[in-house]
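Here is the structure we will look at.
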Amino acid sequence: MDRREEPGWGAIGLTAFRCLVKDGRVVDTIGVLETPFPERYGENIRLLESLGRRK
């Protein structure tokens, strides 16, 4: 993935993350969120969750 960046800020971008979280093949897959700002984990997790809900 996009190592050491927050979702959407690295080379991959939010469009790719949106496709990933909406892909049924990875629904039950465990992931690891690693960003340079651990204090913002909650915010970043909520962002990724919201991408899965958006159309």
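The values are calculated or read from the model by the stated rules, or taken from the named source; none is laboratory data. None of these values were measured; they are calculated from a predicted model. Positions of Cβ are backbone-derived with ideal geometry, glycine not excepted, and every protein chain shown enters the neighbour counts. In case anyone asks, the SASA skips ligands and DNA or RNA and just uses the protein heavy atoms, side chains included. Shrake-Rupley method; radii C 1.70, N 1.55, O 1.52, S 1.80 Å.
When the residues of the range 21-49 are filtered to those that are open to solvent by less than 70 Å² (accessible area, probe 1.4 Å) and outside any helix (DSSP H, G or I), the one that is farthest from GLU6 (Cα to Cα) is ASP23.
Evaluating ARG18 against the criteria (1) open to solvent by less than 60 Å² (accessible area, probe 1.4 Å); (2) out of contact with any Ser or Thr (no Cβ under 7 Å at 6 or more places or on another chain); (3) at pLDDT 85 or above leaves one unmet condition, (1).
Which residues, counting only those in the range 3-20, are free of Cβ contacts under 8 Å to residues at least 24 places away in the same chain and not in a helix (DSSP H, G or I)?
First pass over the range 3-20, keeping only residues free of Cβ contacts under 8 Å to residues at least 24 places away in the same chain: 9-13, 15-16, 19-20.
Those that are free of Cβ contacts under 8 Å to residues at least 24 places away in the same chain and not in a helix (DSSP H, G or I): TRP9, GLY10, ALA11, ILE12, GLY13.
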